[in-house]
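Following: one structure in structure tokens, then a few remarks.
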């Protein structure tokens with residue numbers, strides 16, 4: 001297998017790429033729905049999404065490592081668009097008048113409804129965290145010449161998840177939670193998400209190795225713009 005310089009190749013959408021991209025978007029959407037439930041982890045309250053959301057970062061790592069930053073950038077925006085569409089559809093369902101024989105309106109609003117503040121925090125955290133994760137991994141791959149995969153999957157997650165957790169918790173709960181509690185929630189979420197990435201490292205290695213061999217591709221993002229909105233550069 002010959003390393004691929006993505007600055008000299010066209011965007012590539014193989015069936016396996018589409019599968020990984022679909023799993024990425026699915027992990028994102030399902031985690032946003034699960035987030036309304038709060039669970040207890042070692043006595044600390046955390047959103048139930050903690051068990052699935054870190055998977056989107058792992059899949060983002062796989063996409064960037066195998067196919068390159070340009071391809072991953074498109075998938076990140078696809079996830080954003082799908083999430084926005086889902087939110088709009090849920091809001092439409094909430095606004096439609098319920099039938100007289102249906103008594104689930106309150107439950108629907110509690111589970112599928114969201115306040116503008118929470119939505120803004122979620123969207124901002126997602127975009128900043130995912131793009132930071134992908135960009136850092138992309139550049140670390142060049143610095144390590146494609147070796148030591150674990151350093152860039154974990155290293156990029158440390159930064160990406162720190163940004164994600166900090167932005168979301170701060171924008172969503174600043175002024176509602178006391179500052180010490182706010183900092184504690186950020187720290188606990190960040191530690192759990194990074195720990196998730198560390199434990200999943202053997203699986204990440206296996207998936208990356210399989211895809212590189214099966215796809216005969218190993219992207220190196222030389223001369224690739226890291227601008228999140230420069231979709232084809």
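The values are calculated or read from the model by the stated rules, or taken from the named source; none is laboratory data. Computed from a prediction, not measured in an experiment: that's the story for all the values here. Cβ placement follows ideal geometry from the backbone for every residue including glycine, while neighbour counts extend to all protein chains displayed.
So, in the stretch 135-168, of the ones that are in contact with a strand residue (DSSP E or B) (Cβ under 8 Å, 6 or more places away or on another chain) and assigned to a helix (DSSP H, G or I), which residue ends up nearest to residue 32 (Cα to Cα)?
141
If you check residue 81 against the conditions, is it in a helix (DSSP H, G or I) and surrounded by fewer than 18 Cβ atoms within 10 Å (Cβ to Cβ)?
Yes; evaluated as a whole, the condition is true for this residue.
I need the full set of residues from the stretch 171-182 which are part of a helix (DSSP H, G or I) and either in contact with a strand residue (DSSP E or B) (Cβ under 9 Å, 6 or more places away or on another chain) or loosely packed, with under 13 Cβ neighbours inside 10 Å (or both), in order please.
Scanning the stretch 171-182 gives 179, 180, 181, 182.
Going by the conditions given, is residue 168 within 21 Å of the chain's Cα centre (by Cα), crowded, with 17+ Cβ neighbours inside 10 Å and modelled with pLDDT under 95?
yes
Could you tell me whether any residue of the stretch 144-152 is under 17 Å from the mean Cα position of the chain (by Cα), in contact (Cβ under 8 Å) with a residue 60 or more places away in the chain, surrounded by 14 or more Cβ atoms within 10 Å (Cβ to Cβ) and farther than 22 Å from residue 44 by Cα?
Yes, the stretch 144-152 contains a residue that is under 17 Å from the mean Cα position of the chain (by Cα), in contact (Cβ under 8 Å) with a residue 60 or more places away in the chain, surrounded by 14 or more Cβ atoms within 10 Å (Cβ to Cβ) and farther than 22 Å from residue 44 by Cα.
Might you let me know whether the stretch 93-114 holds any residue that is under 26 Å from residue 20 (Cβ atoms) and part of a helix (DSSP H, G or I)?
Looking through the stretch 93-114, none of the residues is under 26 Å from residue 20 (Cβ atoms) and part of a helix (DSSP H, G or I).
Residues in the stretch 30-48 that are in a strand (DSSP E or B), at pLDDT 80 or above and surrounded by 16 or more Cβ atoms within 10 Å (Cβ to Cβ): how many?
Total satisfying the criteria: 1.
Take the stretch 92-122 and flag every residue that is surrounded by 11 or more Cβ atoms within 10 Å (Cβ to Cβ), free of Cβ contacts under 8 Å to residues at least 40 places away in the same chain and under 27 Å from residue 163 (Cβ atoms).
113, 114, 119
List the pairs whose first member sits in the stretch 74-91 and is within 18 Å of residue 224 (Cβ to Cβ), whose second member is part of a helix (DSSP H, G or I), and whose Cβ atoms are under 7 Å apart, counting only residues at least 6 apart or on separate chains?
That search, which allows pairs on different chains as well, returns 75/21; 75/24; 75/63; 76/130; 76/131; 76/134.
Take the residues of the stretch 12-29 that are without any contact (Cβ under 8 Å) to a residue 60 or more places away in the chain and surrounded by fewer than 19 Cβ atoms within 10 Å (Cβ to Cβ): which is nearest to residue 172 (Cα to Cα)?
29
Given (1) within 17 Å of residue 128 (Cα to Cα); (2) more than 17 Å from the chain's Cα centre (by Cα); (3) assigned to a helix (DSSP H, G or I), identify the lone condition not met by residue 185.
Going through (1) within 17 Å of residue 128 (Cα to Cα); (2) more than 17 Å from the chain's Cα centre (by Cα); (3) assigned to a helix (DSSP H, G or I) one by one, residue 185 breaks only (1).
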